[in-house]
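Trainee: Below is a structure I'd like to ask you about.
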Amino acid sequence: MVLAAVALLLPSCTKEKPTKALITVTREDGTPVAEAYVKLYADPQFPLGDPNRLTKELYTDGGGLASFDYSEFYEQGQSGFAVLDILCTYDTLVGEGIIKIEEEKTNEETVIILPAE
């Protein structure tokens, strides 16, 4: 009986780690860009469900960093999470990239912004 109770309660004790995306925005020379607009979004060719649910937008802090938390979208036991497009803008500067979000990890990417063409 005790063994059955432990078997039922043990999986619920596993603490889920945060699933985060950290985007650093810099200029070509490596200096961080404060107050840059950063958008993460899914752009699948064959959408399964609503890809807009993963869209998040922030402005970078003084160190050029934008921190996105995707923990609410991850469920334990799920394999894989998402590959998201990154769009960054600041004044007339633009940068793009992609980031693979792995579950229960802090995923990091740096985007260099350049003058728009």
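The values are calculated or read from the model by the stated rules, or taken from the named source; none is laboratory data. None of these values were measured; they are calculated from a predicted model. Note that we place each Cβ from the backbone using ideal geometry, even for glycine, and neighbour counts take in every protein chain shown.
Trainee: Within segment 91-103, does at least one residue satisfy the condition of being of a type in the set (Lys, Arg), at pLDDT below 95 and in a strand (DSSP E or B)?
Mentor: Taking segment 91-103 first, the residues of a type in the set (Lys, Arg) are 100.
Then drop every residue that is not at pLDDT below 95, which leaves 100.
Next, from what is left, pick out any that are in a strand (DSSP E or B): 100.
Looking for residues that are of a type in the set (Lys, Arg), at pLDDT below 95 and in a strand (DSSP E or B), one finds at least one in segment 91-103, hence yes.
Trainee: While we're here: Write out, first by first residue and then by second, each pair whose Cβ atoms fall under 8 Å of each other, whose residues are 6+ apart or on separate chains, and whose first residue, in segment 14-33, is closer than 20 Å to Ile99 by Cβ while the second is part of a loop (DSSP other than H, G, I, E, B) and of a type in the set (A, V, I, L, M).
Mentor: Val25/Val33; Val25/Ala36; Val25/Ile113; Thr26/Val33; Thr26/Ile113; Arg27/Val33; Arg27/Ile113; Val33/Ile113
Trainee: Do you know which residues across segment 68-82 are surrounded by 14 or more Cβ atoms within 10 Å (Cβ to Cβ) and modelled with pLDDT of 90 or more?
Mentor: So in segment 68-82, the residues surrounded by 14 or more Cβ atoms within 10 Å (Cβ to Cβ) come out as 68, 70, 73-74, 81-82.
Listed by number, the residues that qualify are Phe68, Tyr70.
Trainee: Across segment 53-64, what is the number of residues that are of a type in the set (A, V, I, L, M, F, W, C) and either crowded, with 17+ Cβ neighbours inside 10 Å or closer than 24 Å to Lys15 by Cβ (or both)? If you could, list the steps in order and put the result at the bottom.
Mentor: Applying the first criterion (of a type in the set (A, V, I, L, M, F, W, C)) to segment 53-64 yields 54, 58.
Among the residues that remain, those that are also either crowded, with 17+ Cβ neighbours inside 10 Å or closer than 24 Å to Lys15 by Cβ (or both) are: 54.
Going through segment 53-64 one residue at a time, the tally reaches 1.
Trainee: Filter segment 84-117 down to residues that are farther than 20 Å from Arg53 by Cα and small (Gly, Ala, Ser) and give me whichever is surrounded by the most Cβ atoms within 10 Å (Cβ to Cβ).
Mentor: The extreme case among them is Gly95.
Trainee: Here is a follow-up. Please name all residue pairs, on different chains or six or more residues apart, with Cβ atoms under 9 Å, provided the first residue is in segment 92-107 and is in contact (Cβ under 8 Å) with a residue 60 or more places away in the chain and the second residue is of a type in the set (Lys, Arg) and assigned to a strand (DSSP E or B).
Mentor: Between residues of segment 92-107 that are in contact (Cβ under 8 Å) with a residue 60 or more places away in the chain and residues that are of a type in the set (Lys, Arg) and assigned to a strand (DSSP E or B), the close pairs are Ile101/Lys20; Lys105/Lys20; Thr106/Lys20; Asn107/Lys20; Asn107/Lys100.
Trainee: Okay, moving on. How many residues does segment 40-52 contain that are out of contact with any Pro (no Cβ under 9 Å at 6 or more places or on another chain), surrounded by 10 or more Cβ atoms within 10 Å (Cβ to Cβ) and at pLDDT 70 or above? Spell out how you get there, then give the answer.
Mentor: Taking segment 40-52 and keeping what is out of contact with any Pro (no Cβ under 9 Å at 6 or more places or on another chain), we get 40, 45-50, 52.
With surrounded by 10 or more Cβ atoms within 10 Å (Cβ to Cβ) added as a condition, the list becomes 40, 47.
Checking which are at pLDDT 70 or above leaves us with 40.
Qualifying residue count for the region: 1.
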